[in-house]
Amino acid sequence: MNQTIAEKILAAHCGRKEVKPGEYIEANVDIGLGNDITAPLAISEFKKTGILHVFNPKKIVLVPDHFAPAKDARSANQCKVLANFAKEQGIKNYFEIGCMGIEHALLPEKGIVGPGQLIIGADSHTCTYGALGAYATGVGSTDLARFFIDGKCWFKVPASIKFIYNGKLPKWVSGKDLILFTIGQIGVDGALYKAMEFTGPVIEKLDMDSRFSMSNMAIEAGGRAGIISPDKITLDYVTSKKYLSKIKVLKSDNDAAYEKIYEWDVSKLKPQVACPHLPSNTKPASELGKIKLDQVVIGSCTNGRISDLRLAAKILKGKKIKPGLRLIIIPATQKIYLEAIKEGLVEIFVNAGGVFSTPTCGPCLGGHGGILTEGERCLATTNRNFVGRMGSPKSEVYLSNPAVAAASAIKGRITDPGML
């Protein structure tokens, strides 16, 4: 059969033994996700059809996380549209403030997504769930509306690119650094409409949080999906989460065909930073020590998990951030927030001079709770640093892992944690 994991998942969901890159298929989707920006449009389009009920409320997930808690009346209305639709349609997987979180951290935590699934989300970072061995991809709001009707969606089968990482990761280097390095090597269009498959000895030893970070940013290289084949680490994770779906482990065949194969030894890789204004503009943090900062943000669907907070707190414990610098911490979910409180991490951050936000996308997309004004610089553990991404088009955003972010908050300038 010479099929990749992406091709196997897509074939299984359209009732075929195999599919080939370039083909258009109509496939049954396991989970469809919308947020407070994208779902209101999907709901509007669904209602225009005159159909009264969604095909299966159990397969729909709605999460108000981008502008929630609502920053203004318009944002409040967007969230209200989701709340009303969820109640009207009996959608139980609707997560309001108090039980919500950033969608791409929340769905794996809740056990809603799992291996072998075909998942769509009206949000580009839906590719995060590829870390579980799923085919997960972002779609438009109208595609989500169609899913509401019959649970299906059209797909173009992507060619796959294989990435092999050899060696052993140095201290302070994580999955975030691997994906930043990768995007830096191939560019923001280096995997345009391709499935990125991450493999090799280094990937096999990565914990789930680092895997989520890598899959999350596949879209920043243009990828339709970022997939890691399930292994023991994956299965231990999904078993602990008591997944709602049946686990289906699929892997690429040994003779699977790839459009390209990249292979690197990352034993000497240094913590990476993406400089303005592209995720591909990467350099080692150690080369950027003269760049002063106004703000540091630790959080997002990329790096707001408990291991990220633990790593940053380890560096900040007993220290103070640079006077005049703002440090904002955003736990990705309420559960993570509670874990951070119980472990004493919140106290470490607050004593260092940091402040906490409720789980939200917040400043990542220039939403609220930390946007930048003209001339300001921010180092963030988020996933995009386009012009104006975090506020003023005359501000600058740099991207890094949580260790670099914490070290930089102490020094007030971009700092490799190994140089503290």
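The values are calculated or read from the model by the stated rules, or taken from the named source; none is laboratory data. Values in this document were obtained by computation on a predicted structure and should not be read as measured data. FYI the Cβ positions are ideal-geometry reconstructions off the backbone, even for glycines, and counts take in every protein chain you see. Please note that ligands, DNA and RNA were not included when accessible areas were found on the heavy atoms of the full protein model with its side chains. Shrake-Rupley method; radii C 1.70, N 1.55, O 1.52, S 1.80 Å.
Brief remarks on what is shown
- For the stretch 107-260, the Cβ-based charge dipole about the Cα centre amounts to some 260 debye (Lys, Arg positive; Asp, Glu negative; other atoms uncharged).
- Taking Cα centre as origin and charging only the Cβ of basic (Lys, Arg, +1) and acidic (Asp, Glu, -1) residues, the dipole magnitude of the chain rounds to 680 debye.
- Residue among TYR135, TYR24, TYR237 with the largest mean-square fluctuation in a Gaussian network model of the chain, springs linking Cα atoms under 10 Å: TYR24
- In the full protein context, the stretch 291-395 carries 40 Å² of accessible surface per residue, based on a 1.4 Å probe and ignoring ligands, DNA and RNA.
- Along the axis of the charge dipole computed for the chain (Cβ charges of +1 for Lys and Arg, -1 for Asp and Glu, origin at the Cα centre), the listed residues ILE291, ASN385, ILE120 are led at the positive end by ILE291.
- Using θ = phi - 60° and Karplus 6.51 cos²θ - 1.76 cosθ + 1.60, couplings along the stretch 383-390 (whole Hz; Gly, Pro as x): 10, 9, 9, 5, 4, x, 4, 10
- Accessible carbon and sulfur surface of the chain relative to its total accessible area, %, 1.4 Å: 52
- Per residue value of the accessible surface for the stretch 124-191 (all protein chains in place, 1.4 Å probe), Å²: 27
- Full-stretch length increase - LEU338, GLU26 - with 0.36 nm per residue and alpha-carbon distance subtracted: 108.2 nm
- When shorter helices are ignored and each DSSP H run of at least 4 residues is given -39500 (n - 2.57), the per-residue value for the chain at 222 nm works out to -9000 deg cm²/dmol.
- What the Cβ-Cβ distance of LYS283 and ILE233 gives, at R0 = 30 Å and to the nearest 0.05, is a FRET efficiency of 0.50.
- Charge sum, other residues only, whose C-beta stays under 14 Å from ASP65's C-beta, Lys/Arg counted +1 and Asp/Glu -1: -3
- Summed over all non-identical Cα pairs, the Kirkwood treatment of the stretch 202-289 gives a radius of 15.9 Å.
- Shape category assigned to the chain from the gyration tensor of Cα positions, a/c cut at 1.5: oblate
- Count Lys and Arg as plus one, Asp and Glu as minus one, and take only other residues whose Cβ is under 15 Å from that of ILE91; the net charge is then +3.
- Restricting the stretch 259-295 to trypsin sites (Lys or Arg not before Pro) in coil, as DSSP defines it, with at most 10 other Cβ within 10 Å: LYS268, LYS290
- Sites listed here are trypsin sites (Lys or Arg not before Pro) in the stretch 1-43 whose DSSP assignment is loop and whose Cβ has at most 10 other Cβ atoms within 10 Å: LYS17.
- For the stretch 103-165, averaging the sequence separation of C-alpha pairs within contact (under 8 Å, six or more residues apart) and dividing by the residue count gives a relative contact order of 24 percent.
- Structural descriptor for the stretch 218-340: relative contact order 18 percent, calculated from alpha carbon pairs under 8 angstrom and at least 6 residues apart.
- Local net charge near ILE161, Cβ-Cβ under 15 Å (Lys/Arg +1, Asp/Glu -1): -2
- Efficiency of FRET from Cβ geometry, ASP189 and LYS290, R₀ 35 Å, rounded to 0.05: 0.70
- About its Cα centre, the dipole of the stretch 1-127 is roughly 300 debye, where the only charges are +1 on Lys and Arg Cβ and -1 on Asp and Glu Cβ.
- In a DSSP loop and with at most 12 other Cβ atoms within 10 Å, the trypsin sites (Lys or Arg not before Pro) in the stretch 341-420 are LYS394.
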